[in-house]
Amino acid sequence: LKATDVAPDYSTAFYYIGSTYLRMGEFDLALERFQKCVDSGGDPNVYLDSGWIYLLKEDYENSIRFFQKSIDAGYFNFLAFYFLGLVHEELNQKVKAQECYRKSIQLCSEQLESDPENPYLHSTLALGCKAMLDLERANKEIQISHKLAPDNGAILYDLARFYALKEDEEKALELLKQALSLPLSPSKYEVHLDPHFKNLRENSTFTALMQT
């Protein structure tokens, strides 16, 4: 906390402290620091991460609000639209969910024209295509993302999400175990609440992985 003691308006410090609380599963403390980040000038990451926490907490109204802020800020809009689709799906708002997934797919496709080797664009595109039942393209994009970043915890985490949605539990758990051992992967606190893995929560291997 020394950075904020020295410079209490240092928004980046608040963001990193909030991110640490997020990884510890201290979601309310994370949100407090993220709000201080916003109040002191903001870091564009804070909107996406706040929306993600509210999604995990099933506070969908605030989740939508912060994902929209991320979109308005023009930051990770392709991912914010995908998560918005996920929120609307959790709310059983199928038409809105599909609109958001389509927008995520469109943005990923456009941004890949200038950044074709961005693994995050490919993995998010794969998840969006899976949600829209374009399985051929989804399978192609998820393999590209894996090839581009085989040791990236966040990408392996997206792969685990993808295979969980495909109901390939063995593959999903294998990738999830790998992801959690690498940098950039979300924490187990996030994994346990991530709606992508809701069908795995009764799986004994998943339960054991969450406890190790």
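The values are calculated or read from the model by the stated rules, or taken from the named source; none is laboratory data. Everything numeric here is computed off the predicted structure, so don't read it as measured data. Glycine gets a Cβ as well: all are built from the backbone with ideal geometry, and neighbour counts include every protein chain shown. To get the accessible areas, we keep the full protein, side chains included, count just its heavy atoms, and leave off ligands, DNA and RNA. Shrake-Rupley method; radii C 1.70, N 1.55, O 1.52, S 1.80 Å.
Could you work out [θ]222 nm for the chain from helices alone, using -39500 (n - 2.57) per DSSP H run of at least four and dividing by all its residues? Round to the nearest 500 deg cm²/dmol.
Values: 13 runs with 157 residues, N = 212.
Computed ellipticity for the chain at 222 nm equals -23000 deg cm²/dmol.
Rank-order 14-23, 37-46 by packing density, defined as the average count of other C-beta atoms within 10 Å over each peptide's residues, highest first.
Numbers: 14-23: 20.1, 37-46: 18.0.
Ranked by mean Cβ neighbours within 10 Å, highest first: 14-23, 37-46.
Fully extending the segment from Lys177 to Glu117, taken as 0.36 nm per residue of separation minus the present Cα-Cα distance, adds 19.1 nm. In the chain, a dipole from Cβ-located charges (positive for Lys and Arg, negative for Asp and Glu) runs towards its positive end, and of Asn139, Tyr120, Ser109 it is Asn139 whose Cα lies farthest in that direction. Fully extending the segment from Glu58 to Lys166, taken as 0.36 nm per residue of separation minus the present Cα-Cα distance, adds 36.6 nm. Here the chain has 49 percent of its accessible surface on carbon and sulfur atoms, given a 1.4 Å probe and all protein chains in place.
Rolling a 1.4 Å probe across all protein chains gives Lys130 an accessible area of roughly 30 Å². Straight-line cross-link partners of Lys36 among the lysines, defined as a Cα under 23 Å from its Cα and at least 8 positions apart when in the same chain: Lys2, Lys57, Lys69. Solvent-accessible area per residue in segment 155-212 equals 51 Å², computed with a 1.4 angstrom probe and all protein chains kept. Globularity index of segment 69-123 is 1.14 (Cα radius of gyration / 2.2 N^0.38 Å, N = number of residues). Pairs over the 26 Å Cα-Cα cut-off, from the set Lys96/Lys147; Lys96/Lys188; Lys103/Lys171; Lys140/Lys177: Lys96/Lys147; Lys96/Lys188; Lys103/Lys171. Derived scalar couplings between HN and Hα for segment 98-114 equal 5, 4, 5, 4, 4, 5, 4, 4, 4, 5, 4, 4, 5, 6, 5, 4, 9 Hz in order, rounded to whole Hz, by the Karplus curve 6.51 cos²θ - 1.76 cosθ + 1.60 (θ = phi - 60°), x for Gly and Pro. Any idea of the accessible area per residue across segment 1-90, 1.4 Å probe, to the nearest Å²? Per residue, segment 1-90 has an accessible area of 48 Å². Along its three principal directions, the equivalent ellipsoid of segment 29-74 from the Cα gyration tensor extends over semi-axes of 16, 13, 7 Å, largest first.
Around the Cα centre of segment 103-142, unit charges on the Cβ atoms of Lys, Arg, Asp and Glu (plus for the first two, minus for the last two) sum to a dipole of about 200 debye.
Per-residue counts of other Cβ atoms within 10 Å, averaged by peptide: what ranking do you get for 107-114, 49-56, 187-194, 119-126, highest first?
Numbers: 107-114: 15.4, 49-56: 22.8, 187-194: 17.5, 119-126: 24.4.
Final packing ranking: 119-126, 49-56, 187-194, 107-114.
For the chain, the longest principal axis of the C-alpha atoms and the axis of helix 11-23 are separated by about 50°.
How big is D, in µm² s⁻¹, for segment 59-212 by Stokes-Einstein at 10 °C and 1.306 mPa s if Rh is the Kirkwood radius over C-alpha pairs?
Values: Rh = 15.6 Å.
Rounded, D is 101 µm²/s.
Note on segment 13-123: Rg/Rh from Cα positions, Kirkwood definition for Rh, rounded to two decimals, is 1.00. Phi-derived couplings, Karplus 6.51 cos²θ - 1.76 cosθ + 1.60 at θ = phi - 60°, listed residue by residue for segment 27-41: 5, 5, 5, 4, 5, 4, 5, 5, 5, 5, 4, 4, 5, 9, x Hz, with x used for Gly and Pro. For the chain, the longest principal axis of the alpha carbon atoms and the long axis of helix 153-165 meet at an angle near 50°.
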